[in-house]
Amino acid sequence: MTYQAPVDDIMRVLKTAAGLDELIEQGVLEVDEDTIRAVIQEAGKFGAEVLEPLSAPGDRAGSKLVDGKVVTPPGWKEAYKQFAEGGWGALSAPEEWGGQNLPQVIATAAGEIWNSANLAFGLCPLLTHGAIDAIEAQGSEELKRTYLPKMVTGEWTGTMNLTEPHAGSDLGQLRSRAEPQGDGSYRIFGTKIFITYGDHEMTDNIIHLVLARLPDAPPGTRGISLFLVPKYLVNKDGTVGKRNDVVCAGLEHKLGIHASPTAVMKYGERDGAVGYLVGEENRGLNVMFIMMNAARLAVGTQGVSVAERATQRALAYARDRKQGRAASTKGTDMAPIIEHPDIRRSLLTMMALTQAARAICLVTARETDVARRAKDPAQRAAAAQRVALLTPIAKAFSTDIGCEVASIGVQVHGGMGFIEETGAAQIYRDARILPIYEGTNGIQALDLVTRKIPLEGGKVVAGYIAELSKTVDEVRASNRPEFGRMGERLGEAVAALAEATRFMGACLQKNQDAALAGATPYLRLFGLASGGIYLARGALASARDTNGHARPIAIARFFAENIATAASGLKDTVVSGADSTLMLTAEALSA
Ligand SMILES: Cc1cc2nc3c(=O)[nH]c(=O)nc-3n(C[C@H](O)[C@H](O)[C@H](O)COP(=O)(O)OP(=O)(O)OC[C@H]3O[C@@H](n4cnc5c(N)ncnc54)[C@H](O)[C@@H]3O)c2cc1C
């Protein structure tokens, strides 16, 4: 079943949950709705026609290291060329460097589509974009002039080099080192592992952003600097010069995303790889965070991508596959499995989780646009705080549900789901990396609880929850029979979030371990309450509109009555489960 970009669903979320009309009216976005729809439609066409047909063959062929060179699957290089020539890599990049300066909401929607069509391909522009953001924010004018135009047009790709064998989540442990050369450049030495698109032959050059330590750097995260290290040195006239001292020493064999080369990178095996400082010495992690926040939203969106793809496939299969009898079947006929209540519940769960996660990601993108583009500095600052709060939820909730929805997708296919030819299995395998890279979901939960709840003394999260409560009031006041118990259930979910947040706030003061023990269920609760409310905003808009559709109401109601009901249990886990998690560890986990 070929992929179809969910353009109407995306536009609906943009208009209802993300308040697109308001942003256009206020002049925050300088594009109209028709242009946004047209760009998303074109992205959908590119995804369905160019990227999707390469996904399954790319999975089978994988990327390979042949005679020291990384060979991507057949068709990959040509598709990348088309992607770059179409200007797709540069959607939200600044015009100054050749980008289109389009809003983040468009880039996020387009990113969802490309990653649905072909997750292993989508990763390459995703990381390039993160690298562009970091260089743009903190690079010197010379670095910007030399590297950004070619990266923005997609002529060169970018990578992110953080991880080392002994330094994953704990980057403070990294050992790669940088020696100043006295001419403004540095020589970089060290080994990085798991580097996505660390090497390939699709472009003339690859621009690595590498974390390393200077000779007298303080230990831990305060002693890390960021360096730009090109695969090929760039001549004064901008042409590609001689090979730098950086090599791909191997590619990993993985559970999924086989076509995406995950490389072991060796820097400075000879006389040191030439690198240039980005930002200030010992402040590299701060710069990397600029890149990581954007990349975390993009990876969260990949969760939506796999969920959407799994849902489309499962729906098509369930309409086609006949087994057993349902209430509507006559004579000896078998029913399409979509008629069985358990399959319907599965499909609705897939759709509702996907749309809730999409809304969370697009709302985060919306806030990114406001933070960058609003005229009022106070509005920009408030939106930046909102981005900080929502980013771990966008990343972790969406990628968790991506895996769950992909798993339900396999289940809906029955035995055929386990067999590769339906494609459900590839989606499931590909999805599994998403909660791991770009900061594991455990680390996202930790970030949410320890850094985001305390923002502005708790005012940022309190203001957000107050906004969710307003929507609950609107749903209740609407008194519409087709909403069922939506108001009641969402009211319970938001109340659960408020109580768990108060508990977390207090816990952080006196017993941080108890807060950390409940961080993951708290993040899930946050995602459920937020997603439920965003879907309810879609339902309210549909109910107000005389030409409104029944689908958004049905999905919002299903989410509230069948999925958001977990919120109260999660609150109990957060509030009273922490003690048992901590106290019983010795008894339950002893060897
Ligand atoms: C396919 C793939 C592509 C990747 N691409 C890149 C890339 O392009 N660039 C790059 O730099 N890296 C990349 N990575 C690395 C990835 O970001 C790391 O694997 C990830 O950050 C986790 O680090 P780790 O594997 O060392 O796990 P560890 O840090 O060892 O974590 C193991 C477990 O312990 C938990 N944990 C660790 N510390 C804590 C803590 N303080 N509190 C609570 N729980 C904790 C984690 O959540 C996890 O569940 C990639 C990895 C893979 C597999």
Mean Cβ neighbour count within 10 Å, used as a protection proxy, ranking 323-336, 478-491 highest first:
478-491, 323-336
Suppose the chain between Ala384 and Ala56 were pulled fully straight at 0.36 nm per residue; how much longer would it get relative to their current alpha carbon spacing?
114.2 nm
Where the centre of each part is set by its Cα atoms, how far does the range 61-105 sit from the range 270-298, in angstrom?
21
FRET efficiency for Thr239 and Glu456 from the Cβ-Cβ distance with R0 = 56 Å, rounded to 0.05, comes out at 0.70
Rounded to one decimal in Å, the inverse mean reciprocal Cα-Cα distance for the chain, i.e. its Kirkwood radius, is 24.8
Burial order of peptide ranges 370-379, 516-525, 207-216 (average beta-carbon count within 10 Å, highest first)
516-525, 207-216, 370-379
Electrostatic dipole magnitude of the range 163-298 [Cβ: Lys, Arg +1; Asp, Glu -1; Cα centre; debye, to 20]:
160
Would you please give the FRET efficiency between Arg270 and Glu96, computed as 1/(1 + (r/R0)^6) with r the Cβ-Cβ distance and R0 = 45 Å, to the nearest 0.05?
0.80
Hydrophobic long helices for the chain, i.e. whole DSSP H runs reaching 18 angstrom or more by Cα along the axis with Kyte-Doolittle mean at least -1.0, come out as 33-46, 104-117, 119-138, 284-320, 341-373, 377-412, 459-478, 486-510, 519-544, 566-583
Can you tell me the dipole magnitude for the chain around its Cα centre, using point charges on the Cβ only (Lys, Arg +1; Asp, Glu -1), in Debye to the nearest 20?
840
So Gln323 and Thr565, fully extended at 0.36 nm per residue minus their Cα-Cα distance, gain in nm 84.0 nm
Would you calculate, for the chain, the mean residue ellipticity at 222 nm contributed by helices, counting each DSSP H stretch of 4 or more residues as -39,500 (n - 2.57) and dividing by all residues, to the nearest 500?
-18500 deg cm²/dmol
What is the gain in length, in nm to one decimal, between Asn286 and His253 on full extension, counting 0.36 nm per residue of separation less the C-alpha to C-alpha distance?
8.7 nm
Where the chain is the region considered: accessible area per residue in Å², 1.4 Å probe:
41
Computing the accessible area with a 1.4 Å probe over protein heavy atoms, can you report the carbon and sulfur percentage for the chain?
51
7 Å from Cα along Cα→Cβ at both Glu30 and Asn547: what's the point-to-point distance in nm?
3.0
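The values are calculated or read from the model by the stated rules, or taken from the named source; none is laboratory data. Note that the structure is a prediction, hence the values are computed from the model and not measured. Using ideal geometry, Cβ is built from the backbone for each residue, glycine included, and neighbour counts are taken over all protein chains shown. Accessible surface areas use protein heavy atoms only, side chains included; no ligands, DNA or RNA. Shrake-Rupley method; radii C 1.70, N 1.55, O 1.52, S 1.80 Å.
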